[in-house]
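One structure is given below, encoded as structure tokens.
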Amino acid sequence: MAKNSTLDLYQLDNGLRVVLVPMQGVQSVAVGVFVKTGSRYETAKDNGISHFVEHMVFKATKKLPTAKDTSRLEGLGAIQNAWTDVGATAYWCKIPADKWRDGLEVVKELALYPLFPQKDLDIERGVILEEMKRREDRPDELVQELLMKVMYGANPLGLATLGDPEVIKGITRNDFVDYHRRQYVPGRMVVVLAGRLEKISEIKSQIAAWFGSLPAKDGEEFPHIDDTQAKPALQVLPKKLANQAHLCLSFRGFNASDPRRFASTILTTHLGQGLSSRFFLELREKRGLCYAVRADEDRLEDVGIWNVYIGTGMSTLKEAIEATLKELTRAKNKSLTKAELGQAKQKVRGPVLFTMENPIYQMEFYARQVLDRPQEVLDYDTLLDRVMGVTVQEVQESAQTLFQTEKINLAVVGPVDKAQEKQLLKLLQV
């Protein structure tokens, strides 16, 4: 565990895990119930149910019988929300510190005791279908979704988190009840409070009272995935976008436990984070090929995704891809200078320090680790020590490991025809 001696991480007898993160100099508490379930725990037949459940719990719970009741925290000065992604679902709020018990009670009700009222089912079904239509108008989101299909195909990681419209139209109340019974269980839950925690013993007693009597269950795990790749992969979603294309150029990255992830963070930051990044300077400032370009990483429990996103004109699509691949080849063949390494480290350190100031970020920082890497939960000091200790050689080695021709994946949303598609596939080599 971490250097932070005030961080309290423990487990109830039924398997539910708890993280308490006291913070100095704040007047609020972030309270969350995180559940280790999301779209990668689904099948093609129930695709979208994780996200649909997250919507439906706000309709009514045992103690909070109306949508007005489930949102009552706003009347106490709180920010309240929820989200679903491929591997987790979270119900959380940020609330004045003296109202922590109210916050915990509401997120507890949402996570544990939803009623899924039949009268609200069709209404919320319509809301989600409208959310899907909105996504269709956002090519930068569509291309990320398409990328997952390119990389993971029929595995649930290739499914859309919002789901399939036809599946959403057919989901029943019994489907919700069954899914919630299977997955919303102590072995898949983490309760987190971060912020001004003045009465730790009271908080622990309340958590034990509300969560400790739940029967011990572990829920269902996601299916194993074969993360090997033998040749470059490309998929195009033809879409007329005022002569623009949105693309993701990606590789299989490091997972949440891989010790090489710290060097990879430096590499990603150097290449594609901010106005001083290599991609921004080369593609936008020097060549004027795009407005938006960035690199990022997603690290899951078992796999990782290293990704470059670019929005560019059809006339510059080929050149933008070539310029990106050139920078990746450069990163493999030429190490960073000491100055570049130092700057990249500071670009990582700054945002980490900024997130430490907000209880919401601290809550999610620790919850994510407990969900994906419970054997190695790092505090912020330890994380920064690992990042600041990265060497030039380690950064170059991570580039050489990541950027391999046979592991290139390209997803493109835009007016690309079959002839252009073949030309793009020929470009994919580093």
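Residue by residue, here is whether (1) modelled with pLDDT of 95 or more; (2) assigned to a helix (DSSP H, G or I); (3) under 20 Å from the mean Cα position of the chain (by Cα) holds:
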residue: Y91; (1), (2), (3): yes, no, yes
residue: K94; (1), (2), (3): yes, no, yes
residue: R101; (1), (2), (3): yes, yes, no
residue: K108; (1), (2), (3): yes, yes, no
residue: A111; (1), (2), (3): yes, yes, yes
residue: L121; (1), (2), (3): yes, yes, no
residue: R125; (1), (2), (3): yes, yes, no
residue: L146; (1), (2), (3): yes, yes, yes
Across segment 208-235, the tally of residues that are among the hydrophobic types (A, V, I, L, M, F, W, C) and surrounded by fewer than 12 Cβ atoms within 10 Å (Cβ to Cβ) stands at 2
Taking the stated definitions as given, is V167 over 21 Å from the mean Cα position of the chain (by Cα) and closer than 15 Å to S39 by Cβ?
yes
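Residue by residue, here is whether (1) basic (K, R); (2) touching a Phe, Trp or Tyr at 6+ places or on another chain (Cβ under 8 Å) holds:
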site	(1), (2)
P156	no, yes
E166	no, no
R173	yes, yes
V177	no, yes
R181	yes, no
L193	no, yes
E198	no, no
S205	no, no
A208	no, no
Considering segment 54-89, residues that are of a type in the set (A, V, I, L, M) and part of a loop (DSSP other than H, G, I, E, B), and then whichever is nearest to H224 (Cα to Cα), we arrive at V86
Contacts under 7 angstrom Cβ, first residue in segment 298-319 being over 30 Å from R40 (Cα atoms) and outside the structural domain of Q144 (by TED's automatic domain parsing), partner in a strand (DSSP E or B) and among the small types (G, A, S), 6 or more apart:
T312/A245; M314/A245; M314/G414; L317/A245
Got a sec? Which helices (runs of 4 or more DSSP H) wholly within segment 338-418 have at least 3 residues that are surrounded by 14 or more Cβ atoms within 10 Å (Cβ to Cβ), at pLDDT below 95 and within 18 Å of the chain's Cα centre (by Cα)?
none
The number of residues in segment 146-179 that are closer than 26 Å to D226 by Cα and of a type outside the set (A, V, I, L, M) is 10
Quick check on segment 289-336: of everything there that is among the aromatic types (F, W, Y) and buried (at least 17 other Cβ atoms within 10 Å of the Cβ), which residue is farthest from Q273 (Cα to Cα)?
W306
Hey, any hits in segment 179-188 for a residue that's more than 30 Å from E130 (Cα to Cα), outside any helix (DSSP H, G or I), modelled with pLDDT of 95 or more and touching a strand residue (DSSP E or B) at 6+ places or on another chain (Cβ under 6 Å)?
no
Being under 16 Å from G304 (Cβ atoms), among the acidic types (D, E) and assigned by TED's automatic domain parsing to the domain that holds T329, is that true of even one residue in segment 276-283?
no
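The values are calculated or read from the model by the stated rules, or taken from the named source; none is laboratory data. A quick note: this is a predicted structure, and the numbers were derived from the prediction, not measured. Backbone-built Cβ (ideal geometry, glycine too); neighbour counts: all protein chains shown.
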